[in-house]
Amino acid sequence: MLVESWLDSANAEGCPFPVNNLALGVFSVGEDLPCCGVAIGDMIFNCRSACQAGLLQPENCRLFDAPSWNAVMEAGPAIWRDLRLQLTELFVKGCKNQAEVREHLVPISDATLHMPFRVAEFTDFYAGRHHATNVGTMFRGAENALPPNWLHIPIGYNGRASSVVVSGAGVRRPWGQLKSPDHEKPAFLPSRRFDFELEMGAIVGTPSTGPVSVDEADSMIFGYVLLNDWSARDIQAWEYQPLGPFQAKATATSISPWIIMAEALEPFRVMTPEREFELLPHLKDTGPMLYDINLRVDLATSEGPVQTITQTNYREMYYSAAQQLAHHVSSGCPMRAGDLLGSGTISGPEKHQRGSMLELSWGGKEPIELLAGRKRTFLEDGDTVILTGEARGKDYIIGFGECAGQLLPALEEPYGKQD
Ligand code: MN
C-alpha cells in the first residue's frame, strides 16, 4: 500500500519516489558541494543539513559527512532500518515538522546527481540464462551454448571499480585489438561493435571475511541500482579465451544515481526459475531472492525520436544476487562495503526482451528496425542508451530513475600518428 505523504508530489500516480521508496543519492545545486540526499516526490531531502538542524538523530550526522552512502552501509543493517524509520516519520502524512522538513528540500530538477557511493570493487556476472544461451549460440553454436559449469555456478569476472560512472557521463568508443574472420592478422582499431548490457547492480553493505550462506548473503545486500555494462563485442570475441572479458568491458560501466534499498523492494520478492540440476547445498535457494522489477531500454539517436528497444524483468535471472555473493565469497574472498555486483545481462525469452544489441541484432545479422526507416546493428556515435526500472505495487511504484549514457566518437589517434 502507498504510504501517504504530506508532500503531494510523493503521492502522485506514477511517482517513482513515494515514501515507500526513499531512494538514496548524492546531489549538488549550483556551486554547493555534493552531499547525501533522499528522493521524495519531485524533491531531494538534504540529509546533511537536516541532521545538523536536528531533524535526524544527532548520532547519525557523522554518516553524512562525506558525499557518499558508504558510511551508512558500514554502520550496519540496524542503522539502515532505523534511518528508513526516521525518514518515513518525517515524510508521512501528519508529520508535525513539515515546515522544518521543507527547508531541507530542493527540486530534483535543480540538482546535479553524482556517484551515490564509492565503488570498492566491481564484479560482473553472466547469470541470465536467455542471454548466456543467445550469446553462446552465436559464439560457439547451439550445442555448446551453455558451458557445462553454467547451471551449477554463477559465472563472473572481476571488473574494475575505476571504470564505474554515474548516469549522464559520456562514454567514449574504445580502440582495441580486433581480429575479423576475413583478416589473417589482428589490427588496432576503434571498436565497430560497441554495445550496451542491461543489468542490475547489487551493492554489498555488510563486509565479510569468509564463506557465508545464501541467507546471510541476502542480508548483506544494501541496495540495488540499474547498471549498463558497456561492451565492445569485437574486442571481446578476440580476447575472451581462455580468461574471459578484459578490455572489452573496461571502458565504462554506468549506474543509475539512486540506490534503492533492499528493504524498499521487500514486497516484490520472487523465486528464481526452476532448476535443471540441483544446486550444491551452499548455493541452494532458500526463499524468494529475486525481485519483480520491470526493466526497459530506450535508444535516443540524433536522427529520430527516442524509442524503446527492449522490455524485460529482473525475475528472468537464473541466479539471485544473494547466490552470486555466496558463490563469490565461498573461496574466502573478502567483501567490503561498497562492492558492486553486476547481475549479468537480463534478457527474456522473447526477441523484444533481449538485453543487448548483440542479441537484438543477432550478432549484427538482423538489424534492429527503428522508426522512420532507421536501422541499427550496434551503437553509433551520438546514440544515447537509457535504462529505466520500476517495481509496481498495487497503488505505488518503486522507481529506479534512469541510467543514461551517450556514446562519444573514438579518439582520433590514441597514440599520435603512427606510420
Ligand atoms: Mn555484463
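Read the figures in this text as sums done on the coordinates, not as results from a lab. Being a predicted model, the structure only gives us computed values, none of them experimental. Neighbour counts run over all protein chains shown; Cβ positions are idealised from the backbone, glycine included.
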Item to check | Three-way shape call for the stretch 312-419 based on the alpha-carbon gyration tensor, with the a/c threshold at 1.5 | outcome: oblate
Item to check | Amide H within-cut-off set for Ile44, under 5 Å, with H built and near neighbours excluded | outcome: Val106, Ile108
Next on the checklist: If I stretch the segment between Glu89 and Thr112 completely, what's the gain in nm (0.36 nm per residue apart, minus their alpha carbon distance), one decimal?
Outcome noted: 5.6 nm
Checklist entry - Taking N as the number of residues in the chain, what is its alpha-carbon radius of gyration divided by 2.2 N^0.38 Å? => result 0.99
Checklist outcome for this item: Taking the chain and counting helices only, DSSP H stretches of n ≥ 4 at -39,500 (n - 2.57) each over all residues, the nearest-500 ellipticity at 222 nm comes to -4500 deg cm²/dmol
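Please give the FRET efficiency for Glu103 paired with Glu263, using the beta carbon to beta carbon distance and R0 = 30 Å, rounded to the nearest 0.05. Don't jump to the answer; show the numbers that get you there.
On the way: r = 27 Å, r/R0 = 0.90.
Efficiency, rounded to the nearest 0.05: 0.65.
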Checklist entry - Each residue of the stretch 4-15 in turn: what ³J(HN,Hα) in whole Hz from Karplus with 6.51, -1.76, 1.60 and θ = phi - 60°, glycine and Pro shown as x? => result 6, 10, 6, 8, 4, 5, 6, 9, 4, 4, x, 5
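Does the stretch 125-247 come out rounded, prolate or oblate by the C-alpha gyration tensor, with a ≥ b ≥ c the root eigenvalues, rounded set by a/c under 1.5 and, if not, prolate when a/b is larger than b/c and oblate if not?
Cα axes put the stretch 125-247 in the oblate bin.
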Checklist entry - Under 17 Å Cα-Cα from Lys375, which aspartates and glutamates qualify once same-chain neighbours fewer than 8 residues away are excluded? => result Asp195, Asp298, Glu303, Glu359, Glu366, Asp383
Next on the checklist: Sort 328-336, 19-27 by the packing proxy (mean of other Cβ within 10 Å over each peptide's residues), most packed first.
Outcome noted: 19-27, 328-336
Checklist outcome for this item: For the stretch 361-369, Karplus-derived ³J(HN,Hα) couplings (6.51, -1.76, 1.60; θ = phi - 60°; whole Hz; x for glycine and proline) come out as 9, 6, x, x, 7, 10, x, 6, 8
Checklist entry - Any idea what angle helix 77-91 forms with the longest principal axis of the chain, computed on alpha-carbon atoms, 0 to 90 degrees, nearest 10? => result 60 degrees
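So if R0 is 22 Å, what FRET efficiency would Arg275 and Tyr240 give, r being the distance between their Cβ atoms, rounded to the nearest 0.05?
Efficiency, rounded to the nearest 0.05: 0.25.
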Checklist outcome for this item: Of 203-213, 153-163, ordering from highest average Cβ density within 10 Å down gives 203-213, 153-163
Item to check | Long-range amide H partners of Phe122 with built H, under 5 Å | outcome: Gly159, Ala161, Leu340
Checklist entry - For helix 129-140, what angle does its Cα long axis make with the longest principal axis of the chain, in degrees from 0 to 90 and rounded to 10? => result 20 degrees
Item to check | Simple spin-label estimate for Glu13 and Ala66 in nanometres, 7 Å along Cα-Cβ | outcome: 4.4 nm
Next on the checklist: For a protection proxy built on the mean count of beta-carbon atoms within 10 angstrom, sort 299-305, 314-320 highest first, please.
Outcome noted: 314-320, 299-305
Checklist entry - Arranged by the count of other C-beta atoms within 10 angstrom, fewest first, what order do His104, His131 take? => result His104, His131
Item to check | Virtual spin-label span in nm between His282 and Lys375, 7 Å along Cα→Cβ | outcome: 5.0 nm
Checklist entry - What is the Cα centroid distance between the stretch 103-159 and the stretch 171-207, reported in whole angstrom? => result 14 Å
